[in-house]
Each structure stands twice: as structure tokens, then as C-alpha cells.
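Contents: one structure, followed by commentary.
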Amino acid sequence: MVSKHDRELLRDNIRSRSSKLSATDRENIVKPYLPDPSELPRWPPQRRKKLPRKKPIRTFLKSQLHLITYTFLHIFFGIAVRLVQSYHAVVDRILAIVYYHHRTPELIRKDVKGLDRLPEHLSVILSLRKEDDALPILMDEVAELVSWTASAGIPVLSVYEKTGALKSCMPILHQAITNKLSSYFGSSQQPTLQLFAPHHPVYQQKSSQNSLVVLLLSATDGQETFVDLTKTLAEMAQNGKLSPEDITMELVDAEISEITTQPSQDRLETGLPSVKPEPDLLLVFGPSLKLDGYPPWHIRLTEMYYTGVNSDGMTGYSDTVEYQGFLRGLWHFAGAQMRFGR
Amino acid sequence: MATSMHLSRLRNWFLASPPIEFAISRLRELLVGAIRQGPVPQHIAFIMDGNRRFARTHGIETVEGHNLGFEALARVLEVCYRSGVQVVTIYAFSIENFKRSKFEVDALMEMARVKLSQMAQHGEILDRYGAKVRVLGRLDLLRPDVLAAVDRAVDMTKDNGDRVLNICFPYTSRDEITGAIRETVSEYSQPLRSTRSTLPLQRTPFSEDHIAQTIRARTTNGKLDDSSTEVDSVSESSTLAEDDVQRSNQQNDVYQSETPLSSATTLHLAEKAAKNRASETTSETDRPVFRSPETITRQTLTDHLLTRDCPPLDLMIRTSGVERLSDFMLWQCHQNTEIVFLDVLWPEFDLWHFLPVLLGWQRRVSKAKKNPDAEGNFDGEFQESGEESKEELVVSSGLKAKSL
């Protein structure tokens, strides 16, 4: 750390447009803070011979001291982390009791009514568990999420699940979501559901005014899509249909958006509204913020929020999808400041 | 108000007094040395956000805020490199930032130029201690004098040790990805040179006459010469299979541009090869030979990014509480990077904010090492997520009872 006196000297120098101090002056100021040359691993060998390895005992003691400090740091840090986690767990439980949806869209609507803004496109990252009945659990979570999203009035929800297991059972999933929606809204006024995934046909009922779009994503829609695009472009370039200079950000953006966020059928035919490809909010139900293969292109300006440790010792898994987590994400989003790169 | 100002002045005086300063610097050294003992992220990215807000809240000029931000950067770099981080990538300037006021853009450019050219003055010291400096981004958007400073700094430090500082100067990730695609495409659209002269043997793996002969033999001979043809055909098919393997290997590398991609399945390779040969012998023109686009993988694209020779990104830190990536390292951080958003303005960022992040990272990594098959590690194609952390499932039962 540079001492205050020296820092002031350097700052003055910057203010006066670097005229006061010459290069050697600056070097002299900085020199005391540089590590001892002999400590550097990459020291030229011919000079190392002149300097014998000095003070082996001292270096040994130093490294032992560091090791002890490391251990103690981690012990204390671990305790602190546990304390914070248990605090959050308590808060989570309280929130979960205070805010519960009771399968009533009106309650959910009331919970989000005071918010300044809502995401137009919500995205969630879910993960498949290891148990045998993981897929039904996952589908139930998706169905719950869809119901909350519909109740909150968010028109688009995209669900990312790494393995793509959800995509393989879209008819069942569609049925499950419809059932869940009817249990929330009642069969008469439930919103229509449009469920689709890249490279898959749309599952939808006849469209009405309040419809909900659900998009399923998996890891193959991420970097693999770019690989496919590059392959196609390379093929076109090899056949002379395209020159590499034609590849612009706009082209890539249009292609990637087309592939990952539009159904494979013609949009005009099916009467689907165009989906806003960039999610506004990305919810991660997990202990830390990792994207885990989420498609990279569209998360440029996406707010990210992770629910933190959702410890549920009884059931034994860490990232349960809970209503209070969903709600906290929306609150957080409403409080955040929106600035576009300037 | 007055008392708080006096207090803060007293505090500053206290912190700046030589013994305290000495103690703090010793403490920092100890902590950094301690961090070294555990696993250390190899590649950290910083989004240095909050310089302007810091300037606004502290009533100083924006440019001054950026200068303080630079000091914070120096502090953080010291911590990083001393604790053993190999590569630090910083987001210095986005292409979008050109939209800011001309005054600020000019000031930032001037600052970059001055810092870089000052750095270039300390050649000898840099050689001994410095990291390799690389500037990533759209250099063509820079002013010529800044570009010259950039070039000199990069050139001077290119032989330095294994520590790397990546400065993303006018950069956006989308631009980088597009560039990677463009480069890959242009690389693959270069015809492979002198394939005809070097690979004459590869172009004739089958003899057309021979194929025709065997087909004819099979159809005409029928059941008469059953035993003899069977032996014949077996030997034939075995050689065919061998050729097929060989051919398919080549097919991956050398690829005829007219072959429709969609139908290029391995099943029909032998036929197709024969067909290709037939068409070629008839036309006998010098068609350019390209590498097959099918050999493009994620790795190919990763290798064409600006960060191509850096280790995978372990940790991404953004200050100032804004929780989005703002077009930075989208490709790099999308797999197994831990993203951390800190609610501190960049000029205030120091070891004390950085330490918990590093400790948390170390904790998760060592946990993931202890039980590598924690959740999130699926079989199949995507196995990189070995470090998926299984975070504290166990909350003490007393607490649980209380909470329920």
C-alpha cells in the first residue's frame, strides 16, 4: 500500500499534467513498495547465483504464518457465512409465511401492485435434480412459476434447464401447466398458454387477449447455436454466397434472436406475438450466481438476481423454487436503477 | 455535521499516521499471503463501475473520479498479482461509452494515453515486475495518438512474465463474438492450398472399375459361384470398410465444397466418395478445397475470441451494485464463472471488499473438490460444471425449529 504522503505526491503530479515529476522521480517514489527482487520467481539465473538464498528460516516461518492465517481466516469466514445464512434462512421462512400465494392470482397481483416496474420478459434458471422423480418435480416447478408469472402480469417467461429434459416432454408439460393454471384461475378465465422451444413446434390453444408465452431453453441453445450459425456461414462463404465482411453484429443478432426466441413455425401463420428476446430479469434459484450455460447473447442488459441459499434441510436439496424467492426477485428488479451503458 | 467532519478528519489523520499505516500495510501483506495458501482464481474480470457516481456524491469532478478509480485499480491489481492470479481482465471502456459527453470521452482517452505512455517510460521496472499488458477491443475506433500509446505499451510489455492484464478498451462482448464468427468464417473460406499436389493419393481411394466389377460379379454370378463370391465379397467389404474409415477421417478435414452439408452423414460416405470421385474425373477442374465447416466446435470459436489464450474465467466482479453484465465477457462467463455484484463504488473498492469474495470462492472450490459429484454435474456433453457447489444444506436444527 502506498503511503498517504507518496500518494499525494503522485496525485499532485497527475493534476498538474505530469510536468512536476520526471520518470525517475516517479520510480523513486514507487520503488520502496515493489517487492524485493530476490523474492521474484522469474529472476534471471545469472544474478541469482550472486545472491544466495537468504534467510531460509525466516521464509519458512513466514509461510507457516500465512498458512495459519489462512486457516483461521477460513474458520472465521465459515462461521460468519453460516451466521449470515441462518439469518437469511429465518428471513426466508418469515417471508414465506407472510407472503404466500394460496393459489389466488389476486393475492399475487396485490403483492406486485406497488412495484414501479415489472419485467416484460422474465427468465429463470432451473436445474434437474438427481432423484428418480426429478422430472415431475421440475415440471411442477415450471407449472408453478408459469402460474405466478401469469398472475403477476408478466407476458413472457423463459425457462432454462441445462439438459433439455423439459423439451423432450412438451405435451406432458403443456398439460401440467394447463392444469396448474386452471387450479389458480379456474377453468373459465385462465390465460391461454403458448409453450415453445427453439426447433420445436408451438403448443398453444386458440389465442385470446391475455396470453402467456413460455419459452424453454437448454444448453444447446447457447454456444452450440453460435457454432451452428458459424457452420452455416462458413458453408455459405465457401460457396461464395457471402463474404466474411458481411457478418455484422446486426446479422448475428437477427439470426440468433430468430433461432432462439421464435418458434420454428411461421409466426404470421400462427398469430404469435413476437417475443422480446432479451430477458429483463434473470432469476437464479441457487446459492450463487452462475449462468451454467445460459445462452450468452441476450443477457447483455439483463438484471441478475439469485435467491441465495434456500436451505431446506428436510427435503435435502438446496435450490427449491419458492414463491417468496420469485417475489424477492421482482422487488429487487423494481428497486434497481436502469442505465444503458452511459 | 461539523462533528462528523472533524471525526472523519481525525480518522484520516489517524490512518495516515506512520505507525498505523505501517501496521495496515503489514496486515494487508499477511492477508494476501494467506490467500495465496489456498486455491486462487486464475482469471478474474472486473467491471469498474461507479467512478462517476463517486465523483458526484463526493462533489469532485468526473475526471477526478476516474483518476481515483485508476488508483483503486492499481491497488486491486497489486492484491491480485501478489495472491497469484494469472490474468486480470478489466472493462475500461465500452463501445457504448462513446455516447457519453465528448468532454468525458476525451478526458478518459487522455487519461489512458498518459497512463500508458507513463508506463512505457518505466521500461526497466516494468520488465522486472510488470505484467503483460494487452488491449482488447476495437482499436480502430481509437484516436491515433492513443492508439500509438497503446501499441507502445503492448509492445514493451509483451515479453514480461506470465501475469497478464487485459484492458478491454473499446469493447463489447457482442462485438467480440461477432468478430470471432467472422474470423472463423474467413479462415474456413480460405481454400486449402496445394491440396491437389500433396494429396493425389487421397483423391483416389477407390477404383471405379473395381466397384463396377464387383457389383457386376455379384449380380450376374448369383448363386452359381456362391462360395467363391462370398469369400471375395467379404474380403472386398473389409477393404471397403478400411477405406471407409480412412475416407471419413479425411472427410473431416478436407471437404468438397459442393457436397450438400445436410446429407453428409457417415453412413453414406463411401457412396458419396465414389460419387464425388466420379464427378471429379468427368469434370477434372481445379475446384477449391475447403476445410469442412463440420469441424467447427465451441472450442474453435473460443479460440478466435480476444481472450483466446487466457485460462477460463473464474470470477467476475462488478462494483456499484448494478447487477447486469453490460455486454462484458458474455461468452466467457456463461459456463462456470461466479458472478459477484458488490454494492460499493469502484474508487472505494479495496482489499476489504475483495477479501470476502475471494474467501467465498475458495470455500466453494474446496467444497466442490471434496464432493465432486455435487448437484449440477450431469452426464453427457456438458461436464464442465464440476465445481457446482453444494452449499450449506445443513442449517442447525435449532434454527430450523425457530424458523418453522
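Please treat every number below as a calculation from the coordinates, not as lab data. Keep in mind that what you see is a predicted model, and the values were worked out from it rather than measured. Note that we place each Cβ from the backbone using ideal geometry, even for glycine, and neighbour counts take in every protein chain shown.
Listing for the model above:
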| quantity | calculated |
| --- | --- |
| Proxy reagent accessibility, fewest Cβ within 10 Å first, across B:THR302, A:THR149, B:THR178, B:THR157 | B:THR302, B:THR178, B:THR157, A:THR149 |
| Residues in segment B:16-52 reached by a label modelled at B:PHE103 [backbone nitrogen below 16 Å; 7 Å Cα→Cβ] | B:52 |
| Overall Cα dimensions of segment A:103-335 - principal axes, largest extent first, Å | 59, 40, 39 |
| A:GLN189-B:LEU15 FRET efficiency (beta carbon distance; Förster radius 45 Å; 0.05 resolution) | 0.10 |
| Footprinting exposure proxy for B:CYS80, A:CYS169 (fewest neighbouring C-beta atoms within 10 Å first) | A:CYS169, B:CYS80 |
| Nonlocal amide H pairs with B:ALA45, under 5 Å, H built at 1.01 Å | B:THR89, B:LEU315, B:MET316, B:ILE317 |
| Length gained when the stretch A:MET249-A:LYS62 is fully extended (0.36 nm per residue, less Cα-Cα span) | 62.1 nm |
| Loop chymotrypsin sites (Phe, Trp or Tyr not before Pro), segment A:116-216, which have at most 13 other Cβ atoms in a 10 Å radius of their Cβ (DSSP) | none |
| In nm, spacing of pseudo-spin labels at B:ALA74 and B:LEU7 (7 Å Cα→C-beta vector) | 3.1 |
| Neighbour-limited loop hits for trypsin sites (Lys or Arg not before Pro), segment A:155-249 (at most 10 other Cβ within 10 Å; DSSP other than H, G, I, E, B) | A:LYS206, A:LYS241 |
| Karplus 3J(HN,Hα) series, Hz, for segment A:152-160 with 6.51 cos²θ - 1.76 cosθ + 1.60 (x for Gly, Pro) | 6, x, 8, x, 10, 10, 10, 10, 9 |
| In Hz, Karplus ³J(HN,Hα) per residue of segment B:333-339 (6.51, -1.76, 1.60; θ = phi - 60°; x = Gly, Pro) | 9, 8, 9, 9, 8, 8, 9 |
| Cα-projected label distance for A:LEU83 with B:LEU27, points at 7 Å along beta-carbon direction, nm | 1.7 |
